[in-house]
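Enquirer: This is the structure, below, for whatever I ask next.
The values are calculated or read from the model by the stated rules, or taken from the named source; none is laboratory data. Since this is a predicted model, take the numbers as computed values, not measurements. Note that we place each Cβ from the backbone using ideal geometry, even for glycine, and neighbour counts take in every protein chain shown.
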Amino acid sequence: MSELWTLTPSDGELSIRTGVTGRAARMGHRLTIAMTRWEVTVAWAGAEPLSAELAVEVGSLEVVRGEGGVKGLSGPEKAVVKSNALKSLDAGRFPEIRYAAETIEKAADGYRLTGKLHIRGKSRTHVVDVRTEDLGDAWRMTVESTVRQTDYGVKPYSLLMGSLQVADDVSVSFIATHAKDA
């Protein structure tokens with residue numbers, strides 16, 4: 001028996017957290033960015049996943065909040081941050097980020113996926129640990145993964161002649177729930 005799961009933002013959330021670095025790092029904001037349009041598909045054979053893919057619309061990024069900094073992050077500043085991020089990701093030429101698992105192995109608390117992550121026209125092997133939790137009537141899946149922007153040709157945004165910049169490593173978080181079939 002095979003089954004296909006499709007997960008979208010109505011099932012969970014996909015977010016990115018950035019850090020700051022440089023001599024003036026204390027002036028910068030650690031950002032939380034939500035990706036608001038994405039889709040995960042998982043093909044199953046019985047109780048085991050055969051494949052998993054993620055597609056994210058780059059243009060769907062929304063700046064949720066900025067922590068730290070000299071003052072709070074205003075609405076207009078969030079718009080500037082979004083514009084800078086879309087430029088860094090070259091969203092016009094590369095409107096989608098994709099991940100496709102090539103191997104899926106059972107792990108103690110879920111699955112280890114090894115596959116290709118495609119960002120800004122570059123592809124690299126990326127390992128993702130998916131933690132699964134049985135909620136009784138549904139499954140919860142969570143992921144925490146680090147992505148180094150420069151590995152994909154993304155130049156971290158900087159200000160003040162480089163003395164304040166977004167850290168190269170960003171943290172990607174995913175959480176979703178899928179109801180069990182009755």
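Enquirer: For a quick check of your reading of the model, give me the residue pairs whose first member lies in region 39-55 and is surrounded by fewer than 17 Cβ atoms within 10 Å (Cβ to Cβ), whose second is modelled with pLDDT of 90 or more and outside any strand (DSSP E or B), with beta-carbon atoms closer than 7 Å and at least 6 apart or on different chains.
Expert: Glu39/Thr8
Enquirer: For the condition closer than 22 Å to Thr41 by Cβ and surrounded by 13 or more Cβ atoms within 10 Å (Cβ to Cβ), what is the one hit in Leu135, Leu61, Leu89, Leu73?
Expert: Leu61
Enquirer: So is Val170 closer than 22 Å to Ala34 by Cβ, free of Cβ contacts under 8 Å to residues at least 60 places away in the same chain and part of a strand (DSSP E or B) or not?
Expert: no
Enquirer: Are there any pairs, at least 6 apart or on different chains, whose C-beta atoms fall under 8 Å, with the first in region 94-115 and without any contact (Cβ under 8 Å) to a residue 60 or more places away in the chain and at positive phi and the second of a type in the set (Ser, Thr, Tyr) and in a strand (DSSP E or B), and if so, which?
Expert: Gly110/Thr132
Enquirer: Moving on. If I go through region 121-163 residue by residue, how many of them are in contact with a helix residue (DSSP H, G or I) (Cβ under 7 Å, 6 or more places away or on another chain) and modelled with pLDDT of 95 or more?
Expert: 2
Enquirer: Which number in (1) surrounded by fewer than 16 Cβ atoms within 10 Å (Cβ to Cβ); (2) more than 30 Å from Ala45 (Cβ to Cβ); (3) of a type outside the set (Phe, Trp, Tyr) marks the one condition that Glu105 misses?
Expert: (2)
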